[in-house]
Amino acid sequence: MRSLASGANRIIGERPGARVRRVREMAHADLVNLWDVHPEARRASIRELGLVSVPVDAIKGTAVEGPPQRGGDFLPLRERRSADWRGRWQRILSANERLEVLPPIELIKFGDDFFVVDGHNRVAAALYNGQIELDAVVEELRLPGMASVRSDPGLTMAPVMEGSLDLRAAGEGRLSRTVNRPDDLEGVRRAHDLEVEMAAADEDEDTP
């Protein structure tokens, strides 16, 4: 229930079109990389925090090393958006609209900020949909003297992992079942609407 509740939380007072344009603005810059902005983190010790509900606005970037592959909206750069990726992205959007329980993302916490190890597309979907929190399995990096925030001991992996194989597959881009229920079709329709808004925002950016 905690996962469903956090997935249903939406930012109130911001129209979807305005939100999409705001998030698209974030894509103009490369996604922040933990190891670039905090090279000292390489000397930190690691502590498991377990399953934590993390505010989306506290997720600042990626923990995947290498040259930039994503924009500040956590989506792949345009030249990296393959047909396979677009299929996975559509399935994540549809699953979110149906309030399905997706697997928790994986994050590294350093100081007050979080960085994505796995689940960049799910963070992007949360940003575009106005979701406030995401469930995440978190590892904390701590330098000597750094304060630490303990995770809620009442949270466990069980409620998340009890989801069906189809729900977990949706988050991993492996959902292949036929969409034939009314609620499925509604989720697909809303996901399509978001895709249209994102495409319109892209066209606005390309207009001189």
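The values are calculated or read from the model by the stated rules, or taken from the named source; none is laboratory data. Nothing here was measured: the structure is a model prediction, and the numbers come from that model. Every residue, glycine among them, receives a Cβ derived from its backbone with ideal geometry; neighbour counts consider all protein chains shown.
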State all residues of the stretch 93-124 that are at pLDDT below 95 and more than 27 Å from ARG47 (Cβ to Cβ); if no residue qualifies, say none.
LEU93, SER94, ALA95, ASN96, GLU97, ARG98, LEU99, GLU100
Applying the selection to the stretch 1-43, what residues are in a loop (DSSP other than H, G, I, E, B), of a type outside the set (Gly, Ala, Ser) and at pLDDT below 95?
MET1, ASN9, ILE11, ILE12, GLU14, ARG15, HIS28
Residues being more than 12 Å from ALA58 (Cα to Cα) and in contact with a helix residue (DSSP H, G or I) (Cβ under 8 Å, 6 or more places away or on another chain): count how many of those fall in the stretch 125-142.
8
From GLY66, GLY50, residue being modelled with pLDDT under 95 and within 29 Å of PRO144 (Cα to Cα):
GLY66
Which pairs turn up if I take residues in the stretch 130-145 that are farther than 14 Å from ILE105 by Cβ and look for partners that are aromatic (Phe, Trp, Tyr) and at pLDDT 95 or above with beta carbon separation below 9 Å, at least 6 apart in sequence or on another chain?
GLU140/PHE110; LEU141/PHE110; ARG142/PHE110; LEU143/PHE110
Could you list, in sequence order, all residues of the stretch 44-93 that are in contact with a Leu (Cβ under 9 Å, 6 or more places away or on another chain), part of a strand (DSSP E or B) and under 19 Å from HIS28 (Cα atoms)?
ILE59, LYS60, GLY61, THR62, ARG70, GLY71
Farther than 20 Å from ILE132 by Cβ and in contact with a helix residue (DSSP H, G or I) (Cβ under 8 Å, 6 or more places away or on another chain): which single residue out of ARG70, ARG47, ARG24 fits that description?
ARG70
Quick one: TRP35 ticks every box in (1) without any contact (Cβ under 8 Å) to a residue 60 or more places away in the chain; (2) touching a strand residue (DSSP E or B) at 6+ places or on another chain (Cβ under 7 Å); (3) within 14 Å of VAL116 (Cβ to Cβ) except a single one, so which number is it?
(2)
Scanning the stretch 38-53 residue by residue, those surrounded by fewer than 12 Cβ atoms within 10 Å (Cβ to Cβ) and either in contact (Cβ under 8 Å) with a residue 60 or more places away in the chain or closer than 21 Å to GLY72 by Cα (or both) turn out to be PRO39, GLU40, ARG43, SER45, ILE46, GLU48
